[in-house]
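S.K.: Okay, handing you the structure first.
Each value in this text was obtained by applying a stated rule to the coordinates, not by laboratory testing. Just so we're clear, the structure is a prediction, and the values are computed from it rather than from any experiment. Note: ideal-geometry Cβ built from the backbone for every residue, glycine included; neighbour counts use all protein chains shown.
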């Protein structure tokens, strides 16, 4: 591995591209007939089937789930392409991933799903949802066993089945998962709010297991902003793709704000939360706004501290390489609360991310740069440097 300047580098949000037969191989036998799979429909277009239903937003576009360094037009337009068209070796092969990390000067990566961010809103059977999660978690642990120090598995937990979620997160922790990915989509928990009493055992469990949770963008089968996208044109009309891509961050922002406003960080003071793939440059303005509104509405709130105080006690946020004011945000917020992410190998990811992040942090003291590049992640996730 090449020498790393400025200390350890930790990518807190890298992705795998699950092989298309992952669920067929790793699901419990009782559920295997309903495994997530990729097939071609009657028109010869590739579709992702979840509980035997096609994910229509991804129909003919599965290659765009990967696609780093590729032409978006070729992958996003509906056609005869394949999921594997957008899959570089580093997405599905652990040795290939380590080679990419060496080239990028990344020491450690926390790995999140890709197909896994697409299915939860489509599943009606709670036990099947847990089976889908368990199959992925088995596979990602096997993937990371190639190098357990550098490749860190993050468990995918679905809250549709609250009791199943508790058992699966315990099993995943025993298997070596360091953190939990939760979908921010309300449909992924059957519309339950985070403070629903049925979910209390899950929050108590992840708090006791010392497993940070993380909210990450999802690929919904139906957009929550559909009324903004439909104007009669094909695919939602001109500009729909840009609009939809940009607003993927909205789910994460909403989930984080809901956790805060419903007093989850007051109720569970040892629960830690990562805010992922929504950028970071908005967070100081949003915390200022939350502090003000919480103060005005204090009579209706469970919070005893300011939202910004809970954030600094229990949260981190990941910066993205293309953001322009990351250093001033860190100066304002504090250098203990920001990490960074590559999003490799997704379509909007780029190479030389460590170089880009270092350039954005160059005006900060070296101690602050080391924290953001890796030390904060090591501490927050309890990793071995």
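S.K.: Within 10 Å of each residue's Cβ, count the other Cβ atoms and sort 344, 337, 132 from fewest upward.
M.R.: The most exposed by this proxy come first: 337, 344, 132.
S.K.: Looking at the square roots a ≥ b ≥ c of the eigenvalues of the Cα gyration tensor of the chain, which shape do they give, rounded for a/c under 1.5, prolate if a/b is larger than b/c, or oblate?
M.R.: Rounded, because the longest to shortest axis ratio a/c is under 1.5.
S.K.: In µm²/s, what is D for the stretch 90-159 at 20 °C and 1.002 mPa s, where D = kT/(6 pi eta Rh) by Stokes-Einstein and Rh is the Kirkwood radius from Cα pairs?
M.R.: The calculation lands on 165 µm²/s.
S.K.: Also: Residue separation times 0.36 nm, minus the C-alpha to C-alpha distance between residue 21 and residue 242: what's the value? Numbers along the way, then the final one.
M.R.: Working: separation 221, 0.36 × 221 = 79.56 nm, distance 3.11 nm.
Length difference between fully extended and current span is 76.5 nm.
S.K.: Calculate the spin-label point distance for residue 304 paired with residue 222, positioning each point 7 Å from the Cα along the beta-carbon direction, and give it in nanometres.
M.R.: Rounded to a tenth, the inter-label distance reads 4.2 nm.
S.K.: Compactness ratio of the stretch 338-384: Cα Rg over 2.2 N^0.38 Å, N = residue count?
M.R.: With N residues counted in the stretch 338-384, Rg over 2.2 N^0.38 Å equals 1.23.
S.K.: Specify whether the C-alpha gyration tensor of the stretch 146-207 places it in the rounded, prolate or oblate class, a ≥ b ≥ c being the square roots of the eigenvalues: rounded for a/c under 1.5, otherwise prolate if a/b is larger than b/c and oblate if not. Kindly include the intermediate steps, with their values, before the conclusion.
M.R.: Working: a/c = 2.77, a/b = 1.93, b/c = 1.44.
It comes out prolate by the Cα gyration axes.
S.K.: Between residue 84 and residue 70, what is 0.36 nm times their sequence separation minus the Cα-Cα distance? Round to one decimal in nm.
M.R.: 3.8 nm
S.K.: State the percent of C-alpha pairs, over all pairs in the stretch 277-385, separated by a distance greater than 18 angstrom.
M.R.: 53
S.K.: With the Cα gyration tensor of the stretch 32-80 giving a ≥ b ≥ c as the square roots of its eigenvalues, does the rule (a/c under 1.5 for rounded; else a/b larger than b/c for prolate; else oblate) give rounded, prolate or oblate?
M.R.: prolate
S.K.: Sticking with this one: For the stretch 1-60 and the stretch 169-225, what is the separation of their C-alpha centers, rounded to whole Å?
M.R.: The two parts, judged by their Cα centres, are 18 Å apart.
S.K.: Please compute one quarter of the surface area of the Cα convex hull for the stretch 49-178 and express it in square nanometres.
M.R.: That works out to 8.4 nm².
S.K.: On a full-extension model of 0.36 nm per residue, what is the gain between residue 257 and residue 332, subtracting their alpha-carbon distance, rounded to one decimal in nm?
M.R.: Working: separation 75, 0.36 × 75 = 27.00 nm, distance 1.98 nm.
Separation in residues times 0.36 nm, less the Cα-Cα distance, equals 25.0 nm.
S.K.: I've got another one for you. What residue among 346, 15, 146 has the largest mean-square fluctuation in a Gaussian network model of the chain, using Cα springs under 10 Å?
M.R.: 146
S.K.: Relative contact order of the stretch 6-66: what whole-number percent is it, with Cα pairs under 8 angstrom and at least 6 residues apart?
M.R.: 21
S.K.: Spin-label point model (7 Å from Cα, Cβ direction): what's the residue 379 to residue 56 distance in nm?
M.R.: Each label point lies 7 Å from its Cα, and together they span 4.8 nm.
S.K.: Another one. So what is the relative contact order for the stretch 42-182, in percent, with contacts set as C-alpha pairs under 8 Å and at least six apart? Can you show the working numbers first?
M.R.: Working: 196 pairs, mean separation 25.6, N = 141.
That works out to 18 percent.
S.K.: Would you mind ranking 259, 303 by Cβ crowding within 10 Å, fewest neighbours first?
M.R.: 303, 259
S.K.: Related question: Can you pull the one-decimal nm distance between simple spin-label points at residue 366 and residue 297, each 7 Å off the Cα toward Cβ?
M.R.: 4.7
S.K.: Order these peptides, 290-298, 315-323, 82-90, by their mean beta-carbon neighbour count within 10 angstrom, highest first.
M.R.: Those peptides, ordered most packed to least, come out 315-323, 82-90, 290-298.
S.K.: Can you give me the relative contact order of the stretch 120-204 as a percent, contacts being Cα pairs under 8 Å and 6 or more apart?
M.R.: Reported as a whole number, the value is 32 percent.
S.K.: Would you look at the GNM of the chain, springs on alpha carbons closer than 10 Å, and say which of 91, 274, 81 moves the most?
M.R.: Greatest mean-square fluctuation among the candidates belongs to 81.
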